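Notes follow the structure.
Where a number appears in this text, it was derived from the coordinates with a stated rule and is not lab data. Values in this document were obtained by computation on a predicted structure and should not be read as measured data. Cβ atoms come from the backbone with ideal geometry, glycine included; neighbour counts cover every protein chain shown.
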Amino acid sequence: MEEGTVPTSRFGVLLGNRNFRAVYLAGVTSQSGSTIAGVAIIWIVFATTRSALDIAYVGIAELAATIAFTLPSGVWVDRYDRTRLMVGADLTRAVAVGSLALVFLLYGFRFPLVLVVSFAVAAASILFQPAEQTLFPMIVAPGALADANGLSRSSRSMVQLVASSVGGGLVVLVGAALCLFYNTLTFLISALLLYSVYVALRAADRGRAPHPAREGRMLHEIREGLHWLIHKAPGLWELSISALFLNFFSTIFATFIVVYVVEVLHGTPLTYGLFLATMTGGMAVGSLIVGRTRATRWAGKVWVLSYGVGAGLALLTMALVPGLLVSFVLIFVYNVLLGFSGNAWLTAAQTVVPSEVQGRYFALDGILSWGILPIAQITGGLLIEARGIGFAVEVAGIGLLGSGFLSMLGRNLWKFGTPA
């Protein structure tokens, strides 16, 4: 065989996997469209109504869809073909966003329709996410799973950064409706790519005994998944509980980054953009090094020490020793630790959780670990109003640090990881 005919890098081998390449490109493509469309929708809502409350209503519509569909989505992912669900979710999002764009062009701004579309897109996305998380173990070798997650997470972070940066300019140059049509196109491209994966996996399953869809009562299957999580995977259960507190304190900071840049660093819009770029770069680096370090073997320790203790120390230092250079270095370190711990957890969970309950696990984990975020955002706003952004960041750092140390008491979490 001639030299250079086979990819030699770990990521080159991954991208040589046709099914992974299709899922990877689908995610990156739809991420670019979703980010630009998100900028466009928020812009046109505020530019038209001049009401911050209307922007909040858009968030409430998305949150309502999240609450309503997270647990059912986990059951559906475990019941039915995951690639077909992802294709259906993409087509649903394409129709919803495309309809909104068409109405904008023909009839102008219609705020009730914006709320309906926001709800529909969020509901379809809630179905898409656990299906995608459970799909990777089906198309990637176990030893390459950490690299697959790292490449996907880091690439989408970079795409989101670029799309966020250019989204505002595109709204001004071509209008919100055309930005929404672009998002519609990206969802359709994603659906075509994922359909090719469905066809490939279906062909590979020919000749095997069929696996009939599991039908049952929705609440019974949710309880079954919760029972498995508590009694069969105590390390993952403790991790989800710790995430409830860690996500609470990290959200106090993440929601108000722009306030920190303006009031503490006395930054300009350029400073803010560079700060976000530094965060994205750190997240990408942290996600990518999991495969190199085989950190999934100690996923529980990585979670506690990186997301809890390490990230808490970084935020606390940012609050106590404010400064432009120090803050840029620390925010990079902070996001390296978040990317590292997040990918270690995700890969370990994909490896350890049986395929037949993965959908319900990721749905339950999402409810347990992210349901607190609205309260965290309100808490952060009240802290800033009362004592300023510096105090809020200090509270976030102390909270992360304390939650990390308390999480060490969870013996099952501390021992959680994949087999050596």
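The 3J(HN,Hα) values that the Karplus relation (6.51, -1.76, 1.60; θ = phi - 60°) gives for the stretch 18-27 are, in residue order, 4, 5, 5, 4, 5, 5, 4, 5, 4, x Hz. Gly and Pro appear as x. In the stretch 218-415, Cα pairs under 8 Å separated by at least six residues give a relative contact order of 41 percent.
Under 5 Å from the amide H of G267 lie the amide H atoms of V262, each residue being 5 or more positions distant or on a separate chain, with H modelled from the backbone and absent for Pro and chain starts. Packing here is the average count of other Cβ atoms within 10 Å per residue, and on that basis the peptides 294-303, 348-357, highest first, run 294-303, 348-357. Peptide packing for 57-69, 154-166 was compared via the average number of neighbouring C-beta atoms within 10 Å per residue; ordered from the highest value, the list is 154-166, 57-69.
Classified by the C-alpha gyration tensor, the stretch 218-415 has a prolate form. Its axis ratio a/c, with a ≥ b ≥ c, is 1.5 or above, and a/b is larger than b/c. Among S190, S32, sorting on how many other beta-carbon atoms sit within 10 Å of each Cβ, with the fewest leading, yields S32, S190. From the square roots a ≥ b ≥ c of the eigenvalues of the alpha-carbon gyration tensor of the stretch 10-204, which class results: rounded (a/c under 1.5), prolate (a/b over b/c), or oblate? It is prolate, given that a/c is not under 1.5 and a/b is the larger ratio. Fully extending the segment from N412 to A56, taken as 0.36 nm per residue of separation minus the present Cα-Cα distance, adds 124.2 nm.
Which of rounded, prolate, oblate describes the stretch 119-176, given a ≥ b ≥ c as roots of the alpha-carbon gyration tensor eigenvalues and a/c under 1.5 marking rounded, otherwise prolate only if a/b is larger than b/c? Oblate, since a/c reaches 1.5 and b/c is not below a/b. Taking θ as phi - 60° and the Karplus parameters 6.51, -1.76 and 1.60, the scalar couplings of the stretch 65-72 work out to 5, 4, 5, 6, 10, 4, 5, x Hz in sequence order, x denoting glycine and proline. Only the Cβ atoms of Lys and Arg (+1) and of Asp and Glu (-1) were treated as charged; on that basis the dipole of the chain about its Cα centre amounts to roughly 700 debye.
Ranked by the mean number of other Cβ atoms within 10 Å per residue, highest first, peptides 173-184, 133-144 order as 173-184, 133-144. Across the stretch 182-196, coupling constants 3J(HN,Hα) worked out from phi with the 6.51/-1.76/1.60 Karplus curve, θ = phi - 60°, read 4, 4, 4, 4, 5, 5, 5, 4, 4, 4, 5, 5, 6, 5, 5 Hz, and Gly and Pro carry x. In terms of surrounding Cβ atoms within a 10 Å radius of their Cβ, L236, L219, L383 rank from fewest to most as L219, L383, L236. Each residue, Y80 and A203, gets one label point 7 Å from its Cα in the Cβ direction; the gap between the two is 2.5 nm. The computed P(r) over Cα pairs in 10 Å bins from 0, in percent for the structure shown corresponds, within [x] 4, 20, 28, 22, 13, 8, 4, 1, 0; [y] 5, 20, 31, 29, 13, 2, 0; [z] 4, 13, 16, 16, 13, 10, 8, 7, 5, 3, 2, 2, 1, 0, to [y]. Computed over the chain, the per-residue total of -39500 (n - 2.57) for DSSP H runs of n ≥ 4 gives a 222 nm mean residue ellipticity of -28000 deg cm²/dmol, rounded to 500. Each residue in F104, F11 was given a count of other beta-carbon atoms within 10 angstrom of its own, and listing them fewest first yields F11, F104. For the pair F405 and A64, label points projected 7 Å from Cα toward Cβ lie 4.3 nm apart. Quick one: Cα centre-to-centre distance for the stretch 311-376 and the stretch 238-276, in angstrom? Comparing the Cα centres of the stretch 311-376 and the stretch 238-276, I get a distance of 12 Å.
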